[in-house]
Amino acid sequence: MKQEMKFIVNGEHHAVQVETHRTLLEVLRETLGLTGSKEMCNKGDCGGCSVIMDGKLVLSCLTLAIEAQAKEITTIEGLADGNVLHPIQQAFVDHGAIQCGYCSPGFIIAAKAIIDKTPNPTIDEIKEGISNHVCRCTGYVQIVEAIDAAAKNMGGSR
Amino acid sequence: MSNDRFYEFEKTTLIGKDLPRVGSVDKAMGRARYAGDMVLPGMLYGKTLRSPHAHARIKSIDTSKAEKIIGVKAVVTGIHDTPRGGVFGIIPHTRDHILLPYDKVRYMGEEVAAVAAVDEDTAEEAIEAIKVEYEPLPFVLTWQDAMKEGAPLVHDHRPQNMAAHYLVNEGDVDAALRNSDYVWENEFTCDVASHALPEPFTVVCDYEPSGKFNFWMQTQCPFQVRQGLHNTMKAPSSDIRLHSLPMGGAHGGRSDTPPAALIAGLLSRKAARPVQIKFSREEVEDCMRDKAAKVWKMKVGFKKDGTITGRDIYMLLEAGAYASSAIVELWVPLLIDEVLWRAPNYRYDAFLIYTNKTISSMMRTRAHVGPMAMDVCLDQVSEVLGIDPIELRLKNAMLTNEITPSKSVITSSALSESIVMAAEKSGYKEKRGKLSHLKRGIGIGSGNMQSMFYMGFRAGSTAFIKFNDDGSCTVFTGNCDLGQGNQTMYKQVTAEVLGIDMEQVKVCFGDTELCYQDPGDYSMSALVISAHAIKKAAEDANRRLLEVAGDILDVSWEEVEMRDKKYYVRFRLGKGRGVSIGEVCRTAFKRGKPIFGFGDYRARIDYSDFGVDIKEPYNEKTYGQKVTAYSFGTTVVEIEVDAETGKVKVLDIWAANDCGTVLNPMLVKGNMHGQLSFMLGQGLLEKNVWDSKTGSKLTSDFRTYKVPTVNETPNIECYFMNKPDPYTPYGAKEGSLGFGCGLHGALSNAIYDAVGVRVYDVPFTPDSLLKLIKEKEAGEKKSSK
């Protein structure tokens, strides 16, 4: 069964017909072509599909698309200004926090949610904010360094 | 060979710099295109029907209902579609795997049939409509059961389920142990571990009517996968093209030819449309690859002064259902083990055993049981003989230019230096034995890793560089980039040789149509083999550039030198006329002789200059040079044990890494953090469980198979030994694995230091450690009564 839904993704208004059993991750990737959000486990164990919905970090694989009705979504594609990286993205690049890169969009979006909520996070707050995310390459050290540096670079701004 | 000894260590401008990983910007923006992001016009979605039995004969398959479902475009089965005679195995005598079988299934989840349809839901419906008649057979899930007399045979032609045997026997081990002052003996095990790769396996195949198969899939060894497909598809190699892609993790788990690639090829050909097969998380964990379980029994003889007289090793390795690249795991522990600690008499007797479980393959850190066994041995023996543990290590550590029992030359080793460094930085001597009142402990462990092992004609790489009219260039290499930074390294080496900016170098990697044969990112070959070939190609191009520049400047090429990206006559450097690389390239085009570079590097096997008179490794005596370079290193770990739960918390790690010249410290450190995280997971958290009644794997997701998160990350200090190897590009060696292979030994020793119990079986889970702590406490109470 299909249903029309309207929502805002990265500042753009969308009206799409979706089957009610489709997840937000599927609609973002397959209907809107926003493949930056990644499917890793598809059951909420890894954080790879994280997006921000009305200011809150959500797992798009556990969110039905229709739950996003009339909501505002930010995906990894919504961070950069054209080809100019967002300070968090730039910090991930500069600190070597990206290796295979598959989990990186989830971590970067989580970092955005952390800094949006707490502009000057402590290391423990950073760790808590990414504690449900899985990375198999980096061992997390440079990811924490990158988020810390980004928060400092942004000078407490959002 | 004398040329190889020359490394321009002092003069370099890019070597040793912190350079961000190439490709990170695309990945940070979510713009990198992985296999699962690919959509081709008219693409169909494939699903696989998998065996519900751990071991069964396939009696019949009826696909008629599935074929009638609207939207189904192709159905394939082993009986009807698998090209006959096409059997996969990475060496001829282990060709045991029919990728889409028609006789038997050998583990739960093995491929039986597949469907391509217009969408995933239709494909799933069609899979459920296929009727398969099986004759279930008894199965074996453990090596203990598999080796019993009369055990069910996974492969009928392999008695006692023995897939392969490998023996190295040097000197007289039995006599050496008989004549030793002290003989230490123990048994270690490690359980099956999973790669738990972030990106689910995905393959897209687009078959062209001309007969060509185009593949987009994750692989770390494009040419080995092409070989596997060539053998099983029965198609010429030139008709199988693997396109390169970024991939979400590999860690050894993407080296083999996946059955899904053959299936996608068969489906695409039959449907005459592109087909994508994407695995679910459960399929990734159950039906791709695991790391083999291992048993390591060892006797070590010592003199009173602590000198090792001989070592006797018996190893069992569990292959799972097929030998696959687990056959390599049978050899690799030797490559690691014989290189760390000197042993004049040495026996390595290793067996590969089939079971009805997920297929095993290689995995980073695979050889850790051997180093761990020796770390624990040296810790225990230091107490028995009353010798300082660091002194005992230094007495037996292998040094530069020593020759291993199976006759490999160690061209550089800073093992001893790494032991001293890690011990000093951690305060090991001051802390050891002094922290147990806090249930804290400190432990040391050393490891090493081979860079490349000899694989015949596949042990070489050929690189090519083409130049554009503005002087920028593209490097072609058959190796790939798994995310650890290979592309960055390839650009760095090329730009260093040519004296140009890294931005002017692009890399085309891992495309089997555009690039030459290469071993792939397999056994740490990216640096010592592939980057070596690239360096030679850049040197070849540089000579051509200098020649044309010399012509323009009217001097011989030997009088030309580059400064600030321009060519000058040497005695007028920076003055007079400077010629840009673009001008040189344009001049060369005009002459009809465009600039290019060609370089080839083969693993060196002739070490007669070191007095080793063997020209071909893996001969019948399995002796000779097997490895181009060895990395070493030592880690010290400080831990805290919760005596109520048995949980180990790692507080600090001091890691001393002998990776030769450090090409790019920021990247190597990141790779070291990753290695330690991977090892901590395997050492303390990650455990697979099978249902013994059905043969079903019960740990098929991140919820049940627990990988480390940021919460398990300790403080990590990294140190570099900076001892260049004379035969590798710029003296660099593999930088992220070897040092970390000592971590499990360090953990085991630290647990003993903290709570006084010895752990020998990886993983050291809370329940297993708690049991040992309780047993010890009960024993102490008993003896105090």
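Worth pointing out:
- Chain B - Rg over Rh from alpha carbon coordinates, Kirkwood radius: 0.99
- Taking every DSSP bridge with both residues inside chain B, close to 75 percent are antiparallel.
- Rounded to two decimals, the Cα-based Rg/Rh of the stretch B:553-599, with Kirkwood Rh, is 1.00.
- 3J(HN,Hα) along the stretch B:436-444, derived from phi through the Karplus expression 6.51 cos²θ - 1.76 cosθ + 1.60 where θ = phi - 60°, amounts to 5, 5, 9, 6, 10, x, 10, x, 10 Hz, with x in place of Gly and Pro.
- Based on Cα atoms of the stretch A:2-77, Rg over Rh with Rh as the Kirkwood radius reads 0.92.
- Beta-bridge orientation, the stretch B:226-355: approximately 45 percent antiparallel, per DSSP, counting only bridges with both partners inside.
- For the stretch B:283-362 versus the stretch B:179-250, the gap between their alpha-carbon centres in whole angstrom: 21 Å
- Cross-link pairs beyond the 30 Å C-alpha cut-off, checked among B:27/B:491; A:43/B:669; B:649/B:781; B:148/B:706: A:43/B:669; B:148/B:706
- Karplus-derived 3J(HN,Hα) values for the stretch B:737-745, using 6.51 cos²θ - 1.76 cosθ + 1.60 with θ = phi - 60°, are 10, x, 4, x, 5, x, 5, 5, x Hz; glycine and proline are entered as x.
- Counting only other chain Cβ atoms within 10 Å of each residue's Cβ, the peptide B:276-282 averages 2.
- The protein assembly as shown - share of DSSP beta bridges that are antiparallel (%, nearest 5): 80 percent
- Dipole-positive endmost among B:531, A:48, B:587 within the protein assembly as shown (Cβ charges, Cα centre): B:587
- Pairs beyond 18 Å (Cα-Cα), from B:535/B:626; B:297/B:407; B:59/B:131: B:535/B:626; B:297/B:407
- Rounded to the nearest 20 debye, the dipole size of the stretch A:2-77 about its Cα centre is 80 debye, using +1 on the Cβ of Lys and Arg and -1 on the Cβ of Asp and Glu.
- Here residue B:73 is the anchor, and the lysines within straight C-alpha reach of less than 16 Å, apart from those fewer than 8 places off in the same chain, are B:47, B:65, B:270.
- With the biggest extent put first, the Cα atoms of the stretch A:87-153 measure 28, 23, 17 Å across the principal axes.
- Projection of the Cα convex hull of the stretch B:682-785, averaged over all directions and equal to a quarter of that hull's surface, yields 11.8 nm².
- Of all aspartates and glutamates in the structure, those lying under 17 Å Cα to Cα from residue B:104, and not within fewer than 8 positions of it along the same chain, are B:62, B:81, B:96, B:133, B:135, B:156.
- For the stretch B:97-183, a crude dipole built from +1 on the beta carbon of Lys and Arg and -1 on the beta carbon of Asp and Glu, taken about the Cα centre, is about 540 debye to the nearest 20.
- Histogram of C-alpha separations across the stretch B:191-261, 5 Å bin width, %: 3, 16, 28, 25, 13, 8, 4, 1, 0, 0
- Fewest-first ranking of A:86, A:13, using other Cβ atoms within 10 Å as the exposure measure: A:13, A:86
- 222 nm mean residue ellipticity, helices alone, for chain B (DSSP H n ≥ 4; -39,500 (n - 2.57); rounded to 500): -8000 deg cm²/dmol
- The protection proxy used here, the mean number of other Cβ atoms lying within 10 Å of each residue, ranks peptides B:182-192, B:288-298, B:731-741 as follows, highest first: B:731-741, B:288-298, B:182-192.
- Per-residue Cβ neighbour counts within 10 Å put B:437, B:673, B:230, B:368 in the sequence B:437, B:230, B:673, B:368, beginning with the fewest.
- About its Cα centre, the dipole of the stretch A:87-153 is roughly 160 debye, where the only charges are +1 on Lys and Arg Cβ and -1 on Asp and Glu Cβ.
- 5 angstrom amide H check on residue B:182, placed H, neighbours 5+ away: B:302
- Evaluated at q = 0.06, 0.08, 0.10 Å⁻¹, the base-10 log of the normalised Debye intensity for the protein assembly as shown, with identical point scatterers placed on the Cα atoms, takes the values -0.43, -0.78, -1.23.
- Reported value for chain A: 100 Å³ per residue, from the convex hull of its C-alpha atoms.
- Packing-based exposure ordering (other Cβ within 10 Å, fewest first) of B:679, B:217, B:455: B:455, B:217, B:679
No lab work stands behind these numbers, since they all come straight from the coordinates. Note that this is a predicted model, so its numbers are computed, not measured. Virtual Cβ from ideal backbone geometry, glycine too; neighbours counted across all protein chains shown.
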